[in-house]
Amino acid sequence: MKIYTILLFYVLTILYSFELFAQPSEINIIPAPKSIMVNEGAFNLNASTKIYYEKKAQPIADYLKKILTQSTGFDFAVSEWNNLVDVNSIIISLTNSENQFGKEGYTLVVNTNNVMIEAAELNGLFYGVQSLRQLLPPEIESTSKAEKVIWRIPGVVILDAPEFSWRGLNLDCCRHFMNKEFIKRYIDLLAYHKFNVLHWHLTEDQAWRIEIKKYPELTKKGAFRTYDDGSVYGGFYTQEDVKEVVDYAASRFINVVPEIEMPGHSTAAISCYPEISCTGGPFDVGTLWGIYHDIYCAGNEKTFEFLENVINEVVDLFPGRYIHVGGDEAPKDRWKECPKCQQRIKDEGLADEHELQSYFIKRMEKFINSKGKKIVGWDEILEGGLAPEATVQSWRGLRGAIDAAKQGHDVIVSPTSNCYFDYSVDVTDMQKVYLFDPVPQELTAAERKHVLGSEANMWSEYAPQELIDDRLFPRMLALSEVVWTYPTERNFEEFRQRVQRHYDRLDVLGINYGLETKPFEIKKLFNPPSNEFEVNVTQLQKDLQMNIGSFNRELLINQESEDEYGFTVPVSEIIKLSFERNKKPVGKNFIHGFTFNKATRKKVSLTYPFSEKYTAGGIEALTDGLRGSDSFRGGDKSWQGYQGTDFEAIVDLEKTQVINKISVGFFQASSSWVIFPEYVEYYTSEDGIDYTNVGRVDVKSSLRNPDWVQNDIFINLQPSSARYVKIFAKNLDKLPPWHPEAGGKPWLMIDEIIVE
Ligand code: ACM
Ligand code: ZN
């Protein structure tokens with residue numbers, strides 16, 4: 001009887017198909033379903049719409065009611081289905097026939113009278129609901145009652161199922177802490193776009209974030225880091241928090257995979273328990289980004305006892321099959337020097353430290369397998385021999401995925417090139433993500449089966465919680481389509497158009513999405529006869545409002561073509577470029593500084609050469625009137641670098657002039673070895689032979705702070721006459737012992753010398 005009813009429903013539906021087309025723009029689902037047919041008419045949701053479910057599907061019916069009620073204000077009647085198709089109803093049905101759509105697939109049929117979602121499992125029904133949400137007007141996502149909306153659902157027949165079973169996001173909650181509510185919000189956003197894995201990065205050099213009852217120091221001390229100024233940053237998840245997150249995720253069909261890093265990225269842990277490091281410490285919880293060299297000692301039985309005890313508690317908190325053990329970026333220098341580690345190499349007949357890492361991971365795998373779980377590790381776990389059951393997450397390109405799959409191992413393919421959304425859109429834009437193929441060409445059909453899917457990696461060094469939306473969206477939309485739809489033809493422009501419409505939904509969901517791509521190109525050309533810069537801006541990201549402004553004056557901007565704008569800069573000025581969509585800012589502000597001063601375009605001579613890696617275009621850059629951008633690596637290459645030397649420059653002002661200020665622009669990015677000088681000395685001379693020291697600034701800088709900072713280090717003078725100005729900036733000899741790259745040769749980065 002029941003199957004008969006369902007079949008009849010389909011037959012009627014298909015008979016009516018294509019008679020009258022819904023407007024294509026009404027249908028805008030991301031990730032795109034595998035198949036959509038436009039059906040006759042539309043279904044109007046109203047106060048008397050009923051929601052029917054089959055017994056086992058009640059959780060989905062209740063969830064659907066909750067989703068639909070907040071914004072519509074309708075109190076939908078939810079009841080068990082009597083197997084008859086009632087008009088004005090939404091039917092949530094678990095088909096009892098063999099389902100060709102698998103665990104996560106579903107069919108969604110909308111016609112004038114009914115909406116029907118069918119699937120073999122609750123997972124599929126849940127995804128049918130997500131598609132249904134996206135067929136409704138964007139206001140359906142409002143958390144309060146939306147007025148004057150017609151809740152129209154265009155008629156469709158959707159047959160849908162995902163291509164990949166692992167559709168994930170890795171959230172690094174260590175470099176920056178993300179609170180529990182934020183994680184739950186992300187679980188909803190992931191589910192909305194049909195992702196099913198939250199890879200939760202919980203331990204790092206800079207923090208240990210998960211409560212382990214046996215080792216309370218891990219969160220008492222290890223969850224917090226202290227800066228030079230005494231300020232403390234941190235936070236952690238209690239086991240209750242973890243359970244709450246895991247349960248919430250389960251209700252959204254998301255599996256949470258905890259990552260407990262070993263043997264590297266473990267400074268926070270060994271700062272609490274230094275006896276399980278090679279040297280015995282002491283260590284502080286890391287404050288800088290990068291790769292720390294002190295890691296767990298592989299020769300010490302206490303290390304394994306510790307990690308097994310940790311894992312014992314972790315496996316009880318996470319019901320899923322996988323535990324991620326990290327394995328990436330574990331420098332071997334301490335192991336090379338450690339008698340215990342060397343003894344282990346001897347005792348186990350290992351060839352080298354890579355095999356010692358392999359021993360480490362294999363031993364932990366055995367333990368984790370004994371708990372009924374499987375390990376995932378970054379592709380470094382291939383080095384020295386792969387653990388027998390391990391799944392490999394390939395991040396350094398595709399090599400790891402190819403090698404592991406050829407050895408018969410499952411792989412998650414998330415290379416830096418396409419899946420690292422901490423990278424700027426200048427490097428990895430939405431198109432690059434959209435065109436990503438997680439299946440390496442080198443794999444045979446049989447090996448391809450090992451590709452479980454992909455993940456976005458959201459490393460948070462430069463993205464505290466409030467910037468995560470900006471980094472992840474809209475690129476997550478592209479990845480959702482790669483892993484769910486896996487379109488054979490990738491028509492990026494068609495996708496981009498759908499993204500433009502999807503933004504209306506993201507707006508209602510309160511997502512502070514960022515840019516799709518590098519938003520503009522800027523050219524700054526100095527014109528000597530007019531003594532001004534001619535600036536030309538080309539807008540690269542379409543469908544955004546671009547604003548160009550000056551802090552000092554009304555800019556005269558000529559629109560030179562559809563997306564090209566020109567203006568001149570005749571005076572010292574800061575230009576701001578910003579972007580908006582529907583009056584909401586998108587992405588950061590872009591600042592471009594221009595200076596006209598007594599040193600501008602004057603000849604400079606250097607005592608020590610700048611690095612060939614950071615030339616900024618040559619010696620003229622120091623007085624070219626162009627200020628550096630907010631990135632020393634920036635595409636505009638405005639910063640000149642000096643590694644392992646001091647900085648000494650003489651500017652010839654061409655004639656004796658009265659001067660009252662000397663200033664030099666410096667950059668600091670301590671994790672990247674870029675630091676402010678210890679001090680700067682300033683000299684003047686009339687003849688270029690005898691110099692007078694006119695001042696010195698001792699620079700107080702916080703090297704333990706990883707923030708990127710720009711600073712003009714200057715002195716004000718009594719007005720005095722000089723033709724030559726000399727500046728000496730003292731570089732540190734080497735990075736201090738607590739720095740992750742202790743002993744390395746630091747950089748001075750300079751953009752401009754300014755004399756007023
Ligand atoms: C990684 O990005 N270190 C896996
Ligand atoms: Zn050791």
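Residues in the stretch 354-383 that are away from ligand 2 (no atom under 16 Å from the Cβ) and open to solvent by 30 Å² or more (accessible area, probe 1.4 Å): 362, 366, 367, 369, 370, 371, 372, 374, 382, 383.
Report yes if residue 445 is modelled with pLDDT of 95 or more, more than 16 Å from ligand 2 (Cβ to nearest atom), small (Gly, Ala, Ser) and surrounded by fewer than 24 Cβ atoms within 10 Å (Cβ to Cβ), otherwise no. Here the answer is yes, as residue 445 does meet what is asked.
For the stretch 663-700, give me each residue that is part of a loop (DSSP other than H, G, I, E, B) and in contact (Cβ under 8 Å) with a residue 12 or more places away in the chain. Hits for the stretch 663-700 are 673, 675, 676, 677, 678, 686, 687, 688, 691, 699.
Taking the stretch 349-389 on its own, how many of its residues are among the small types (Gly, Ala, Ser) and part of a helix (DSSP H, G or I)?
2
Scanning the stretch 324-336 for residues that are away from ligand 1 (no atom under 12 Å from the Cβ), out of contact with any Ser or Thr (no Cβ under 8 Å at 6 or more places or on another chain) and not hydrophobic (A, V, I, L, M, F, W, C) yields a total of 4.
When the stretch 318-345 is filtered for residues that are more than 13 Å from ligand 2 (Cβ to nearest atom) and either part of a loop (DSSP other than H, G, I, E, B) or open to solvent by 10 Å² or more (accessible area, probe 1.4 Å) (or both), the ones remaining, listed by number, are 318, 319, 320, 321, 322, 327, 328, 329.
Considering only residues that are in contact (Cβ under 8 Å) with a residue 24 or more places away in the chain and open to solvent by 10 Å² or more (accessible area, probe 1.4 Å), which ones fall in the stretch 221-234?
221, 224, 226, 227, 228, 229, 233, 234
All of 611, 631, 605, 638 fail the test of being part of a strand (DSSP E or B) and either on the phi < 0 side of the Ramachandran plot or touching a strand residue (DSSP E or B) at 6+ places or on another chain (Cβ under 7 Å) (or both), apart from 605.
Any idea how many residues of the stretch 704-727 are of a type in the set (A, V, I, L, M, F, W, C) and open to solvent by 30 Å² or more (accessible area, probe 1.4 Å)? Qualifying residue count for the region: 3.
Table: residues versus (1) under 24 Å from residue 288 (Cβ atoms); (2) touching a strand residue (DSSP E or B) at 6+ places or on another chain (Cβ under 7 Å).
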site: 643; (1), (2): yes, yes
site: 649; (1), (2): no, yes
site: 661; (1), (2): no, yes
site: 671; (1), (2): yes, no
site: 699; (1), (2): yes, yes
site: 711; (1), (2): yes, yes
site: 725; (1), (2): no, yes
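Here 363, 321 are screened, and the one residue that is under 26 Å from the mean Cα position of the chain (by Cα) and more than 20 Å from residue 272 (Cβ to Cβ) is 321. Of the residues making up the stretch 293-317, those that are open to solvent by 10 Å² or more (accessible area, probe 1.4 Å), within 13 Å of ligand 2 (Cβ to nearest atom), more than 27 Å from the chain's Cα centre (by Cα) and of a type outside the set (Lys, Arg) are 299, 300, 301. One residue is enough: does the stretch 262-283 have a residue meeting the conditions among the β-branched types (Val, Ile, Thr), more than 16 Å from ligand 1 (Cβ to nearest atom) and part of a helix (DSSP H, G or I)? Taking every residue of the stretch 262-283 in turn, at least one turns out to be among the β-branched types (Val, Ile, Thr), more than 16 Å from ligand 1 (Cβ to nearest atom) and part of a helix (DSSP H, G or I). Is it the case that some residue within the stretch 406-428 is among the hydrophobic types (A, V, I, L, M, F, W, C), part of a loop (DSSP other than H, G, I, E, B), touching a Leu at 6+ places or on another chain (Cβ under 8 Å) and open to solvent by less than 50 Å² (accessible area, probe 1.4 Å)? Checked the stretch 406-428: at least one residue is among the hydrophobic types (A, V, I, L, M, F, W, C), part of a loop (DSSP other than H, G, I, E, B), touching a Leu at 6+ places or on another chain (Cβ under 8 Å) and open to solvent by less than 50 Å² (accessible area, probe 1.4 Å). Within the set of pairs 6 or more residues apart or between chains, which connect a residue that is over 15 Å from residue 329 (Cα atoms) and among the β-branched types (Val, Ile, Thr) inside the stretch 260-281 to a residue that is within 16 Å of ligand 1 (Cβ to nearest atom) and assigned to a loop (DSSP other than H, G, I, E, B) with Cβ atoms less than 9 Å apart? Every condition considered, the pairs that remain are 270/295; 276/266. Restricting attention to the stretch 96-146, the residues that are at pLDDT 95 or above and out of contact with any strand residue (DSSP E or B) (no Cβ under 9 Å at 6 or more places or on another chain) total 12.
Of all residues in the stretch 390-404, those satisfying the criterion of being open to solvent by less than 40 Å² (accessible area, probe 1.4 Å), within 18 Å of residue 449 (Cα to Cα) and not in a helix (DSSP H, G or I) are 390, 391, 392, 393, 394.
Tallying residues that are of a type in the set (Ser, Thr, Tyr) and out of contact with any strand residue (DSSP E or B) (no Cβ under 9 Å at 6 or more places or on another chain) within the stretch 185-214 yields 1. Scanning the stretch 463-508 for residues that are closer than 25 Å to residue 161 by Cβ and either open to solvent by 40 Å² or more (accessible area, probe 1.4 Å) or not in a helix (DSSP H, G or I) (or both) returns 473, 474, 486, 487, 488, 489, 490, 491, 494, 497, 501. Please pick out the residue among 426, 379 that is of a type in the set (D, E, K, R), within 30 Å of residue 473 (Cβ to Cβ) and in contact with an Asp or Glu (Cβ under 9 Å, 6 or more places away or on another chain). The unique qualifying residue is 379. Anything in the stretch 30-82 that is in a loop (DSSP other than H, G, I, E, B), under 25 Å from residue 161 (Cα atoms) and out of contact with any His (no Cβ under 8 Å at 6 or more places or on another chain)? List them, or say none. Across the stretch 30-82, the qualifying residues are 32, 33, 34, 54, 81. What do you reckon, is residue 649 surrounded by 18 or more Cβ atoms within 10 Å (Cβ to Cβ) and part of a loop (DSSP other than H, G, I, E, B)? For residue 649, the condition - surrounded by 18 or more Cβ atoms within 10 Å (Cβ to Cβ) and part of a loop (DSSP other than H, G, I, E, B) - is not met.
The values are calculated or read from the model by the stated rules, or taken from the named source; none is laboratory data. Computed from a predicted structure; not experimentally measured. Note that we place each Cβ from the backbone using ideal geometry, even for glycine, and neighbour counts take in every protein chain shown. These area figures cover heavy atoms from the full protein model, side chains too; ligands, DNA and RNA do not enter into them. Shrake-Rupley method; radii C 1.70, N 1.55, O 1.52, S 1.80 Å.
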